[in-house]
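Below is one structure, written out as structure tokens; the observations come after it.
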Amino acid sequence: MTSSIWTRSYAVDTMAVTPEKRLGLVGLLRILQDIAWIHGAHLGYGFEAMMARGQIWVLARQKLVATAWPAWGETIDVRTWVRPRAGMFVDRDYEVSHAGQPVARGTASWVVVDAVRRRPMKFSPADMGIDDNGGLSLGITPERLPADDGLTPLMGFDVRYSDLDVNGHVNNTRYAEWLLDALPPGDRRGRVVDRYEANFLAETGVGDRVTIEAGAADADGSNHFQGRRQADGKVVFTARLGASAA
């Protein structure tokens, strides 16, 4: 019997912590990606099953809000489900808790793409044949984050083999890493991430060079970022990052 709501515990281990010995943004994004793949396989729509259909899952948008970052050696519980929504996006909600208290919540919008043509295909959660959970939803909607030609270049990154995921393109978590690496040290010191949003607009692969660009802070204190491929000038992802005092 399949379970439409999936829960799993994860250790905040050495692969997920920051130099401050706390769960970090990239570590948490990897955990959320992991549980999405695990639950998808449980529902019959994992990597191998999708490839047999000539399809792949591609993350299009995501939004995450965090209120606390558990420490190294602690454990988090992640609860996830697919929203009962039709259309091009398949939205997956996540709730993250520590010691019974909520620490983060978010939504990822996935699309089904033809594995050969790399074109989006219409796919509804109803096609999975799973319970709609009574319309359960966190009410978080990842927004469209437009590209901006007026941002300031910070740092360039060459795509290497280790940046690729099972779909053969740069993994979404790598873009978050690049964004954080490109920040000046003064922008990171004494601050912790509490909001993260991203839109993934185009694939990048080995041989590409991506420049991280940044804009001024918004009214809510968050900053706009994007990654631009140097070869053709195309913006391949956009993002918004918010941080507060530690």
Inset, instruction - Report whether or not ILE130 is under 17 Å from the mean Cα position of the chain (by Cα), at pLDDT below 95 and under 30 Å from GLN55 (Cα atoms). - result: no
Inset, instruction - Hey, can you tell me all the residues within the stretch 209-227 that are crowded, with 21+ Cβ neighbours inside 10 Å and either of a type in the set (Asp, Glu) or free of Cβ contacts under 8 Å to residues at least 40 places away in the same chain (or both)? - result: GLU213
Legend entry - Entirely in the stretch 154-239, the strands (runs of 3 or more DSSP E) that have 2 or more residues that are under 17 Å from the mean Cα position of the chain (by Cα): 191-200, 223-229
Legend entry - The one condition in (1) over 20 Å from GLU197 (Cα atoms); (2) charged (D, E, K, R); (3) in contact with a Ser or Thr (Cβ under 9 Å, 6 or more places away or on another chain) that ARG61 fails to fulfil: (1)
Inset, instruction - Could you tell me whether any residue of the stretch 68-77 is closer than 25 Å to ASN199 by Cβ and either surrounded by fewer than 21 Cβ atoms within 10 Å (Cβ to Cβ) or free of Cβ contacts under 8 Å to residues at least 60 places away in the same chain (or both)? - result: no
Legend entry - Selection from the stretch 39-61 of residues that are among the charged types (D, E, K, R) and more than 16 Å from the chain's Cα centre (by Cα): GLU48, ARG53
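The values are calculated or read from the model by the stated rules, or taken from the named source; none is laboratory data. Everything numeric in this text was worked out from a predicted model, so none of it was measured. Note that we place each Cβ from the backbone using ideal geometry, even for glycine, and neighbour counts take in every protein chain shown.
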